[in-house]
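The values are calculated or read from the model by the stated rules, or taken from the named source; none is laboratory data. Note that the structure is predicted; figures quoted are calculated from it, not measured. Cβ atoms come from the backbone with ideal geometry, glycine included; neighbour counts cover every protein chain shown. Areas reflect the complete protein model, heavy atoms only, side chains present, ligands, DNA and RNA absent. Shrake-Rupley method; radii C 1.70, N 1.55, O 1.52, S 1.80 Å.
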Amino acid sequence: MDISVVIPLFNEEESLPELSEWLVRVMNENYFSYEVIMVDDGSTDCSWQVIEDISNKNKNFKGIKFQRNYGKSAALNEGFKAAQGDVVITMDADMQDSPDEIPELRKMIIVDGFDMVSGWKKKRFDNKLTKNLPSKIFNAVARRISKIKLHDFNCGLKAYKKKVVKSIEVYGEMHRNIPVLAKWAGFRKIGEKVVEHRPRKYGVTKFGWERFINGFLDLSTLTFVGRFSKRPMHFFGLYGTLFFVFGLCSSLYLIIAKIIDADYGITNKPLFFIALTAMIIGMQLFLAGFIAELIVRNATDRNNYLVEKKIGIN
């Protein structure tokens, strides 16, 4: 199969018929073998009924329905599990992403050899203050931390080799940082393509300003986990050692001073309490490192979601 298109959605009943017709036209014009996996993230409108109707007319359209709302990351993760195409395309269901970009995105994966290609919405139709400015700040920080040269980490329109989506785990709200996940999984040929950003035609945005705060927190978590998830003692042990050695050296200084001068008071010196605190913190960091080594990546149920229905997917 040439292409799998994964579309996470929440309350998008109005846009789905038009989006599906557009996708079919693009696929047929380019003679692609394809599947479209629509993941209903617990919609409260008639989105699932629309997906069922589309699937009944065209068996290339498949569906996954969550029992409740889990978020975009969960929807993408389940879609990635089900995807069978050599190239996997992700896009939003709100008609702001253009299916006409798909052939060129596929070409960059198949012909140019990229592991992943991220869209760049260079010209945006969002509110400049509440969305564009925070997005630019987040992208600048993400570029600096991850060393990945992308302008738009959070663009929903992306293309992947099948191997990439089968090698990463998207959980929490990590969908904003999929390029970082891919890099930490060993896929370093990550490209970018300027894509069209269309004005919203149906519905309202499902994300608020808080997503950017969450994005920074998730990026920090991902950076830490990516570097130290397999060796947490390297982090906790390093700082534990520094604190403990500082405390020990300070204690030795006080003891030697007491030996030289019997009248030298130890317990009434601020350094005594600083040294004691530093040694305790050092020991605690060591313990945290040992515990982290024992439990690292053993949360077996962190990516289990209640799926109510599926269409065309075993």
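Just a few scattered comments:
- Placing R0 at 35 angstrom, the Cβ-Cβ distance between Q49 and A292 gives a FRET efficiency of 0.15 after rounding to 0.05.
- Residue-normalised accessible area of the chain, expressed per residue, 1.4 Å probe, Å²: 52
- Once the C-beta distance of K258 and F235 is scaled by a Förster radius of 35 Å, the resulting FRET efficiency is 0.50 to the nearest 0.05.
- Residue with peak Gaussian network fluctuation, the chain [Cα springs, cutoff 10 Å], from K65, K193, K149: K149
- Acute angle (nearest 10 degrees) that the helix 210-228 long axis makes with the longest principal axis of the chain, alpha-carbon atoms: 60
- Relative contact order (%) - the chain, alpha-carbon pairs under 8 angstrom, separation at least six: 21
- Selection among F153, F246, Q284 by position relative to the dipole of the chain gives F246 as farthest towards the positive end (Cβ unit charges, Cα centre).
- The DSSP beta bridges internal to the chain are antiparallel in roughly 35% of cases.
- Angle of helix 16-29 to the longest C-alpha principal axis of the chain, folded into 0 to 90 degrees and rounded to 10: 80°.
- Computing Rg and Dmax of the Cα atoms in Å for the structure here picks out one of [x] 25.4, 94; [y] 28.0, 114; [z] 18.4, 54, namely [x].
- The apolar share of the surface of the chain, taken as the fraction of accessible area on carbon and sulfur atoms (1.4 Å probe, ligands and nucleic acids excluded), comes to 59 percent.
- Computed label-point distance, nm, for sites I266 and E18 using a 7 Å Cα→Cβ extension: 7.9
- Gain on full stretching of the segment that runs from T277 to S33 - 0.36 nm per residue minus C-alpha separation: 81.4 nm
- Debye, to nearest 20: dipole size of the chain, +1 on Lys, Arg Cβ, -1 on Asp, Glu Cβ: 980
- Helix 133-146 vs. the chain, principal-axis angle (Cα, 0 to 90°, nearest 10): 60
- Of all aspartates and glutamates in the structure, the ones whose alpha carbon falls short of 13 Å from that of K161, not counting any fewer than 8 places away in one chain, are D2, D86, D112, D115.
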